[in-house]
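Readers should treat all values here as calculations from the given coordinates under stated rules, not as data from a laboratory. Since we're looking at a predicted model, the values are computed, not measured. Backbone-built Cβ (ideal geometry, glycine too); neighbour counts: all protein chains shown.
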Amino acid sequence: MFQYYDKAVRGTEDEDKLVVLQFLSGMIGQKFSFLNYYKEIPVSYDATLLSVENEMAEFAVHEYQAKVISFERKALIYSHAKSNLKEDIVGEAFYVSPARKRVVLCNFAYARIRSDMRRFVRVLLDRPVEADLIFEDEIIKGNVKDISLSGAAMSIMSSDSLVCGQVVTLLLSLPESGSNGIVKVAANATIIKTIGERAPFTCVIEINADKDTQLKIAHYINQRQVEIIRELKEIKA
């Protein structure tokens, strides 16, 4: 799974936490921009800082933000325009109530949000999408775990034949929403890396598709994005 941010340390972790809390103490009533991810889809709404006490900060948040924080147990906060610090902030969830639209965060640290570097929307798949990696006289079968227009992560049982930088043919079997149909698409792909010491391995690939294939993949991603957003809305507060 993509790492959305890197922790940053300016002094010690304890010193950084106290500096963040001191800054927040002077920002009661101000709005902050939160960021979380639900199945790779960004969820970002403004939140209002209500109070800071006992090394914790309470925020009034959007219901969807609270729902995702209840899963991730943390929240990223973009650097505030009134802050003299360039770093973003990450805080751990101490209390979350989607029904009350409240979260209490603690254990603050500086963070550098990396997910903003993404060029394309990425979606996590609930149902396996079959994929073949074809090269020379070999076919490696796998299932796509997440996908964007520019790349994908696949679960595979064998990685011995794969080399970083290797160009292969990717064959995807994309399900059609609302039917049992399958759309098969093919594209060139480059092996970026394989992860894991034993099967199943994760194979990360870069997809280099022509315009027609890009449109078909984009259509599938849009369908999946709609499903994820609907699912988030239907989660009980």
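Brief remarks follow.
- Note on Ser33 and Arg118: their simple-model spin labels are 1.6 nm apart, each label 7 Å out from Cα toward Cβ.
- About the Cα centre, charge dipole magnitude for segment 123-233 (Lys/Arg +1, Asp/Glu -1 at Cβ), debye: 420
- Shown here for segment 97-202: trypsin sites (Lys or Arg not before Pro) in loop regions (DSSP other than H, G, I, E, B) with at most 15 other Cβ atoms within 10 Å, namely Arg100, Arg114, Arg118, Arg119, Arg198.
- For Arg198 and Arg127, the FRET efficiency from 1/(1 + (r/R0)^6), where r spans their Cβ atoms and R0 equals 25 Å, is about 0.55.
- Per-q log10 I(q)/I(0), segment 1-50, q = 0.25, 0.28 Å⁻¹ (Debye; single scatterer per alpha-carbon; no solvent): -0.99, -1.00
- Residues Asp132, Asp160 in ascending order of nearby Cβ atoms (within 10 Å, fewest first): Asp160, Asp132.
- For segment 173-229, the list of GluC sites (Glu not before Pro) that fall in a loop by DSSP and count at most 13 other C-beta atoms within 10 angstrom reads Glu176, Glu197.
- Partners of Lys82 within straight-line reach, counting lysines whose Cα lies under 26 Å from its Cα and excluding those fewer than 8 residues away in the same chain: Lys7, Lys17, Lys31, Lys74, Lys101.
- For Lys184, the aspartates and glutamates whose Cα falls under 15 Å of its own Cα, not counting residues fewer than eight places away in the same chain, are Glu130, Asp132, Glu176, Asp210, Asp212.
- Mean projected area of the convex hull spanned by the Cα atoms of the chain, taken over all viewing directions: 15.1 nm².
- Listed by chain and number, the aspartates and glutamates whose alpha-carbon sits under 19 Å from that of Lys67, ignoring those within fewer than 8 places in the same chain, are Glu40, Asp46, Glu58, Glu92, Asp126, Glu227, Glu231, Glu234.
- Judged by the ratio a/c of the largest to the smallest principal axis of the C-alpha gyration tensor, segment 5-117 counts as oblate, that ratio being 1.5 or greater while a/b is no larger than b/c.
- Inter-part distance where segment 48-123 and segment 223-237 are each reduced to a Cα centre, Å: 21
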